[in-house]
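Below is one structure; the comments refer to it alone.
The values are calculated or read from the model by the stated rules, or taken from the named source; none is laboratory data. Note that the structure is a prediction, hence the values are computed from the model and not measured. Glycine also receives a Cβ, built like all others from the backbone with ideal geometry; neighbour counts cover every protein chain displayed.
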């Protein structure tokens, strides 16, 4: 039985997220996948959002439970080496997003669902744990690569490794993957947005600056039950 407070919170988040009907269904489907990986903690998120969506007139199909072997197959099909780009099919719009992603949060999932609607193939490259701790000085969700890979939020997921962290390094990364659309966050500032345009121009692509998600949920879904997440704003 889902308590009313969870449904109310879930409904407020969905209404403030800017997700359309199809994106909402995909968002909840991703949480369902995480429930297979993380168990009851992630399942609480999925059930709360499913009930909230239902009250909004959005019915989310119940997915069958995946066996561990199936999850491993899905994960292996999506994981890539960050410095060995896969061939791009003709006519396919490739999007590229990279970042530290040291926690898997509701805000990040919402953001990536929206990005996925803007391209045919999304490549997500996350900084590995060593780079997060070296350049950010913060701990990470240790299983986040598997979580992002299994989630289905991106078509290809890889970890960025190495010691370099400079504009030149990320320009080379963009030149490797040659995205049609290169995504950066508005919150990163104007200088980053200008640099993103330069990187995209190197490969004839375009930079898309992503506005902040309407709600900012800081807590990792690995850490706390749904009602204990920290919200900056719920519309």
Members of the stretch 77-109 found to be touching a helix residue (DSSP H, G or I) at 6+ places or on another chain (Cβ under 7 Å) and part of a loop (DSSP other than H, G, I, E, B), listed by number: 83, 85, 100, 101, 102, 104
Failed item in (1) surrounded by fewer than 22 Cβ atoms within 10 Å (Cβ to Cβ); (2) more than 14 Å from residue 96 (Cβ to Cβ); (3) in contact with a strand residue (DSSP E or B) (Cβ under 9 Å, 6 or more places away or on another chain), with residue 148 passing the rest: (1)
Those residues of the stretch 19-35 which are farther than 15 Å from residue 46 by Cβ and out of contact with any helix residue (DSSP H, G or I) (no Cβ under 7 Å at 6 or more places or on another chain), in sequence order: 20, 21, 22
Helices (runs of 4 or more DSSP H) lying entirely in the stretch 110-191 (those with 2 or more residues that are touching a helix residue (DSSP H, G or I) at 6+ places or on another chain (Cβ under 7 Å)): 144-151, 167-177
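Each row is one residue, and each column tells you yes or no for (1) under 17 Å from residue 105 (Cα atoms); (2) outside the structural domain of residue 105 (by TED's automatic domain parsing); (3) modelled with pLDDT of 90 or more.
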residue: 20; (1), (2), (3): no, yes, yes
residue: 23; (1), (2), (3): yes, yes, yes
residue: 38; (1), (2), (3): yes, yes, no
residue: 41; (1), (2), (3): yes, yes, no
Tell me whether the stretch 49-72 contains one or more residues that are in a helix (DSSP H, G or I), at pLDDT below 90 and within 17 Å of the chain's Cα centre (by Cα). no
Flag if residue 97 is at pLDDT below 90, touching a strand residue (DSSP E or B) at 6+ places or on another chain (Cβ under 9 Å) and in the same structural domain as residue 120 (by TED's automatic domain parsing): no
